[in-house]
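The next block holds one structure in the form of structure tokens; read it before the comments.
The values are calculated or read from the model by the stated rules, or taken from the named source; none is laboratory data. These figures come from a predicted structure and were not determined experimentally. All Cβ positions, glycine included, derive from the backbone under ideal geometry; neighbour counts span all protein chains shown.
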Amino acid sequence: MSPEMQRFKRTLHEHARRQGHAVALWGDDSQMDYATLCTEVELRQQRLRDEHIGVLALALDNGIEAMLWDLAALFEGVCCVILPAFFSPAQRRHCLEQSQAERVLAEPVFDTELQAAGYQRNGAFWRRDFDEPGRLLPGTAKLTFTSGTTGTPKGVCLSADSLLRVAYELEQASRPVAPGHHLALLPLAILLENLGCYAALYAGAMLSLPSQKTLGIQGASGIDPARLFGCLAARRPQSLILVPQLLLMLVMATEQQAFDPRTLRFAAVGGARTSQELLQRAQRLGLPVFEGYGLSECASVVCLNRPQAQRAGSVGRPLPHVEVRLADDGEVLIKGSTLLGYLGEPPHQGPWWPSGDLGEFDAEGFLYLRGRKKHQFVTSFGRNVSPEWVEAELTQGGEIAQAFVYGEALPLNHALLWPIRPECSDQTLELAVAKANAALPDYARIHRWTRLEQPFSAANGMLTANGRPRREAILEHYRALLTEPVLSEESPS
């Protein structure tokens, strides 16, 4: 057993010994204490041993069972693949085929899908045998699939040591405010949330795992605010992990007195760029929000703002388990807790991982991100612009739901916009653009914009299954509009 695994397992058993009756897991309708958690995990380890398998896939909604099986696979040395409900059936099937998952535990809604993929029900498990040799890299504890900018998910092989070291450092980062109750808002298939749950267990905290249905969350972006904030009001969590859109909803609910922030001690936000205006709104409301940065290839979190070590506009300092430096062109390079490699490809060689992100450090070691290296465009005036940076400013103001910015070799940057509310007027959109422009340098400002006739979605091929823009597809579809000649080639004032 690896050193990090030994530390995590020892910590859980110490919690069971010292506070055995304290609540460890809280599902939809039941709770489980630390003593029972350790017993139930060991029972599931034995069941995995009886199955003689190497790869277990979980297609379970958030809940006590999902967490118990996740821990059992981790401690038993069985590779765990958590299938995102927000993936398409074709993407989930791709994940099963590529991972060669011999057993699957799934919600009933996936029965037909699993049968079509060649699985047969065998007790609690869905079973399938694979004849070809396995494609996993040795030492893979968790296989996380990221769809990136294409429709085909790519498997990232991660070791137990990498995963648990990140979880340990997350717990250490939040320790000054000692959150005693973490609620998982995001699906466990999101690696950041998965490790946030481990961090809560490291701390001996109560871990709330309401189902996505109970939270009012459907797919990658469907949210019922009344259900969500009703659940938060009932459970009163002290820590949360948020993506920018959830933070925006939390801020708006707090402003409307639909959410009481006083019980919240630590809210980490990541997954995409978060605008400074939104973070400042959160700060004014007393929301303890800490922006961070990470990527699947480095077992999630790399940098994090934390209590008593926070800088506005930055994603924080690197956590102690990693080193971060910048290449000559500003690309962020990371050493520590890097992936074993991609599924089906040779192992990753060398200590440093090229993130593809552009950044810079201040004198105190805080990292500031400047966008994706491959998405950066250059205007006809020779100015480099990261579209994600501008898009984040546009979409965090409360009026614009989706934005796509383009300006390659053009004198004027053009934005495609979809409003949050259908009744939003063009005048309101114009004011929202002006507000975002006020926070941007002149070369990054939006000078022209077009209101979309329909939103970007996975169905029309403009979004990945987990909600990220498919930039090449959007550009191809709207190329004529985005690149049409402008009346003046002068620099906008």
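Run P441 past the list (1) surrounded by fewer than 19 Cβ atoms within 10 Å (Cβ to Cβ); (2) modelled with pLDDT under 90; (3) over 20 Å from T274 (Cα atoms) and report the number of the one that doesn't hold.
Evaluating P441 over (1) surrounded by fewer than 19 Cβ atoms within 10 Å (Cβ to Cβ); (2) modelled with pLDDT under 90; (3) over 20 Å from T274 (Cα atoms) leaves (3) as the failure.
Do we have R17 as among the charged types (D, E, K, R) and over 25 Å from the mean Cα position of the chain (by Cα) here?
yes
I'm checking my understanding of the structure. Among residues of the range 315-354 that are modelled with pLDDT of 95 or more and among the small types (G, A, S), which one is surrounded by the most Cβ atoms within 10 Å (Cβ to Cβ)?
Restricting to residues being modelled with pLDDT of 95 or more and among the small types (G, A, S), the top hit is G316.
Please go through the range 57-85 and pick out each residue that is under 16 Å from A124 (Cα atoms) and of a type outside the set (A, V, I, L, M, F, W, C).
Matches in the range 57-85: D61, E65, D70.
List pairs: first in the range 1-14 and under 14 Å from S159 (Cβ atoms), second part of a helix (DSSP H, G or I), Cβ under 6 Å, 6+ apart or cross-chain?
If the second residue must be part of a helix (DSSP H, G or I), the pairs left are S2/A160; S2/D161; E4/D161; E4/L164; E4/R165; M5/A160; F8/L164.
Is at least one residue of the range 367-375 under 28 Å from E476 (Cα atoms) and in contact with a Phe, Trp or Tyr (Cβ under 6 Å, 6 or more places away or on another chain)?
yes
Among the residues in the range 137-146, are any touching a Leu at 6+ places or on another chain (Cβ under 7 Å), of a type in the set (K, R) and either outside any loop (DSSP other than H, G, I, E, B) or not assigned by TED's automatic domain parsing to the domain that holds F229 (or both)? Don't jump to the end; show me each part of the working.
Taking the range 137-146 as the starting set, the residues that turn out to be touching a Leu at 6+ places or on another chain (Cβ under 7 Å) are 137, 139-144.
Of the ones still in play, those that are also of a type in the set (K, R) are 142.
Checking the rest, the ones that are also either outside any loop (DSSP other than H, G, I, E, B) or not assigned by TED's automatic domain parsing to the domain that holds F229 (or both) come to 142.
There is at least one residue in the range 137-146 that is touching a Leu at 6+ places or on another chain (Cβ under 7 Å), of a type in the set (K, R) and either outside any loop (DSSP other than H, G, I, E, B) or not assigned by TED's automatic domain parsing to the domain that holds F229 (or both).
Is there any pair with a first residue in the range 364-390 that is closer than 21 Å to P318 by Cα and a second that is among the β-branched types (V, I, T) whose Cβ atoms are under 7 Å apart and which are 6 or more apart or on different chains, and what are they?
Close Cβ pairs (under 7 Å, with a partner that is among the β-branched types (V, I, T)) amount to L367/V315; L367/V324; L369/V315.
Could you grab me the full set of residues in the range 457-484 that are modelled with pLDDT of 90 or more and touching a Lys or Arg at 6+ places or on another chain (Cβ under 8 Å)?
Passing the criteria: only M462.
One residue is enough: does the range 241-257 have a residue meeting the conditions more than 25 Å from R284 (Cβ to Cβ), surrounded by fewer than 20 Cβ atoms within 10 Å (Cβ to Cβ) and either touching a Leu at 6+ places or on another chain (Cβ under 7 Å) or not assigned by TED's automatic domain parsing to the domain that holds L12 (or both)?
Of the range 241-257, the ones more than 25 Å from R284 (Cβ to Cβ) are none.
Within the range 241-257, none of the residues are more than 25 Å from R284 (Cβ to Cβ), surrounded by fewer than 20 Cβ atoms within 10 Å (Cβ to Cβ) and either touching a Leu at 6+ places or on another chain (Cβ under 7 Å) or not assigned by TED's automatic domain parsing to the domain that holds L12 (or both).
Conditions: (1) of a type in the set (G, A, S); (2) at pLDDT 95 or above; (3) in a helix (DSSP H, G or I). A90 meets all but one. Number of the miss?
Condition (2) is where A90 drops out.
Out of E51, E132, E42, E76, I need the residue that is closer than 23 Å to P187 by Cα and of a type in the set (D, E). Which one?
It is E76.
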